Structure formats: structure tokens, C-alpha cells
Amino acid sequence: MSKKSKLQSSSFGGYFTFSKAQLLNKYVIVTVAFLCWMLFFDKNSFPANYKLGKSIDNLESAKAEYESKIVEARIEKKDIEQNKEKYAREKYLMHKDNEDVIVIEKSKK
């Protein structure tokens with residue numbers, strides 16, 4: 001190949017050979033500009049979708065955590081409704097006049 005033919009053509013790994021005129025074709029330029037616009041500058045761009053995906057994951061994990069807390073709260077509510085006196089004695093250390101309250105705490109090791 002001569003120097004002139006090397007300057008006029010581009011090769012991508014030997015599979016495709018394009019001339020300078022083909023690379024500067026208006027359709028190629030418009031397609032490349034459109035892809036760049038859609039990938040980086042549009043409101044639905046790749047970085048924006050990545051951030052939205054991460055926030056969706058965070059929100060879903062928070063939702064699962066709150067749902068488990070709701071289940072625990074419903075169980076506790078049911079326990080309160082069934083044993084009001086027991087709940088008041090255990091949680092708020094309430095007692096009758098003729099009783100003494102002794103609190104035994106489990107040590108955390």
C-alpha cells in the first residue's frame with residue numbers, strides 16, 4: 001500500500017476497511033452524534049439510568065426492612081390486645097400496691 005492509500009482508509013482489526021469519505025459520510029456523522037446524545041446527554045441517558053437503578057435497589061431494601069418491622073409491630077399489637085396487664089408490667093414496670101417489682105436483666109456477652 002502506498003502512503004496515500006494508508007491515509008485514505010481506516011482499518012478496524014482487519015475485518016472492516018473504511019475510506020475517509022465513508023467515515024465522513026453525513027449519515028455516519030449523524031448516527032454517531034445521535035448515539036452520543038442518547039448515551040450521555042438525554043434525560044434517559046446511561047448514567048441517569050444507572051443512578052435510578054441504584055436508588056430503586058436502595059428503596060426496595062428499605063421497603064423490605066419496613067415490611068418486617070410492620071410484621072413485628074402487628075405481632076406486638078396482638079400481644080398487647082390479648083395480655084394488657086402483662087404488657088404493662090413488663091414494658092413499663094407497673095405493679096399493684098402490695099407487690100414488689102424485681103427486674104432481672106440478661107447480660108450481653
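No lab work stands behind these numbers, since they all come straight from the coordinates. Keep in mind that what you see is a predicted model, and the values were worked out from it rather than measured. Virtual Cβ from ideal backbone geometry, glycine too; neighbours counted across all protein chains shown.
Observations, loosely collected:
- Candidates are the residues of region 76-87 that are surrounded by 10 or more Cβ atoms within 10 Å (Cβ to Cβ) and under 24 Å from I104 (Cβ atoms); the one that is nearest to the chain's Cα centre (by Cα) is E76.
- Only a single item in (1) surrounded by 11 or more Cβ atoms within 10 Å (Cβ to Cβ); (2) in a loop (DSSP other than H, G, I, E, B) is not met by E90, and it is number (2).
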